[in-house]
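Notes for the one structure printed next.
The values are calculated or read from the model by the stated rules, or taken from the named source; none is laboratory data. A quick note: this is a predicted structure, and the numbers were derived from the prediction, not measured. Reconstructed Cβ throughout: ideal geometry from the backbone, glycine too, with neighbour counts over all protein chains shown.
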Amino acid sequence: MERTFVLMKPDGVQRGLVGEVIHRFERAGLKLIGLKMVHIDTEFARKHYTEDLEIRRGKKTRDLAVEMISSSPVVVMVLEGVEAISVVRKLVGPTEPKAAPPGTIRGDYSHISYTHADKQAKVVYNVCHASGDEKDAKYEVDLWFSKSELVEYKTVHEYHVF
């Protein structure tokens, strides 16, 4: 089974969307194996938003993202399932909420565009972050969770379907 990482950003936590988002993942057949609420400092936030973001979107974007996820508590989780990374990415939708179709988490709960955020000198508030690929998922799971914080168990699906 594949594992992936999801971070509910401060806007998602403050709007009370954590339960709804977890519900969507579980309805899709994903298994929650790690979950916690934390308030991180900027040093830890820079480990999450690595220099790769700075290369892709610029220093200002990285600085705003670091400031945003360290400004208020976040909820982080590890999900497990068949092709979990791509399933979660499909459920979450594109990074830019404006491009996210209705029915996705970002399409339903966030509507900002990169252009608007840039004009306002703000980060794009898009409810959550989800690992982009296997390499990112491994890095993020290992960064945010110790092995003892990840729980092994079987769901009813594993007993009767898989």
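Among all positions in region 105-120, there is at least one residue which is touching a residue at least 60 places away in the same chain (Cβ under 8 Å) and touching a Cys at 6+ places or on another chain (Cβ under 7 Å). When the residues of region 109-132 are filtered to those that are modelled with pLDDT of 90 or more and in contact with a Pro (Cβ under 7 Å, 6 or more places away or on another chain), the one that is farthest from Lys98 (Cα to Cα) is Asn126.
Counting only helices (runs of 4 or more DSSP H) that fall entirely inside region 2-71 and contain at least 3 residues that are more than 14 Å from the chain's Cα centre (by Cα), the qualifying elements are 18-27, 42-48, 51-57, 59-69. Cβ-Cβ distances below 7 Å connect the following pairs, each with a first residue in region 4-33 that is closer than 16 Å to Tyr109 by Cα, a second residue that is assigned to a helix (DSSP H, G or I) and among the hydroxyl-bearing types (Ser, Thr, Tyr), and a separation of six or more residues or different chains: Leu17/Tyr109.
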